[in-house]
Amino acid sequence: MAPVAHGIGPGNPIVYQSLGICSALAVTNQLDKTLVMCASLTFVATLSCLLVSLLRHWTPRRVRMVTQMLIIATLVILVDLYLRSHWIGMRNALGPYLE
């Protein structure tokens, strides 16, 4: 019975994967918000993967996870600053998900 309970709750990958897209689903009721959210996500994911892969040889293993979080947080802040300076209406719509 324990494996069944584990598969329904904490061992179910669908639960964790669907929780990760909740913020994206919350703002995708209009096409323009959806496109900006997708572009922002693509920008942050692509650049963070590139920077992490470039820095992995110089980053000690003990601080590698912290470095990855710092890179992602910096890129999200850059997206927020860009939207705040160039597209204030969209920034207000996506604001809770960028902060």
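The values are calculated or read from the model by the stated rules, or taken from the named source; none is laboratory data. As the structure is a computational prediction, the values presented were derived from the model and not from experiment. Glycine also receives a Cβ, built like all others from the backbone with ideal geometry; neighbour counts cover every protein chain displayed.
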Tell me which residues, restricted to the range 40-56, are of a type outside the set (Ser, Thr, Tyr), touching a helix residue (DSSP H, G or I) at 6+ places or on another chain (Cβ under 9 Å) and part of a helix (DSSP H, G or I). Leu41, Phe43, Val44, Ala45, Leu47, Leu51, Val52, Leu55
Tell me, yes or no, whether the range 57-64 has at least one residue that is modelled with pLDDT of 90 or more, exposed (fewer than 13 other Cβ atoms within 10 Å of the Cβ), among the hydrophobic types (A, V, I, L, M, F, W, C) and not in a helix (DSSP H, G or I). yes
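Quick check: is even one residue across the range 44-58 among the basic types (Lys, Arg) and either in contact with a Cys (Cβ under 6 Å, 6 or more places away or on another chain) or within 21 Å of Arg91 (Cβ to Cβ) (or both)? Please lay out each step first, then the result.
From the range 44-58, those among the basic types (Lys, Arg) are 56; that's our starting set.
Narrowing the set further to residues that are either in contact with a Cys (Cβ under 6 Å, 6 or more places away or on another chain) or within 21 Å of Arg91 (Cβ to Cβ) (or both) leaves none.
Looking through the range 44-58, none of the residues is among the basic types (Lys, Arg) and either in contact with a Cys (Cβ under 6 Å, 6 or more places away or on another chain) or within 21 Å of Arg91 (Cβ to Cβ) (or both).
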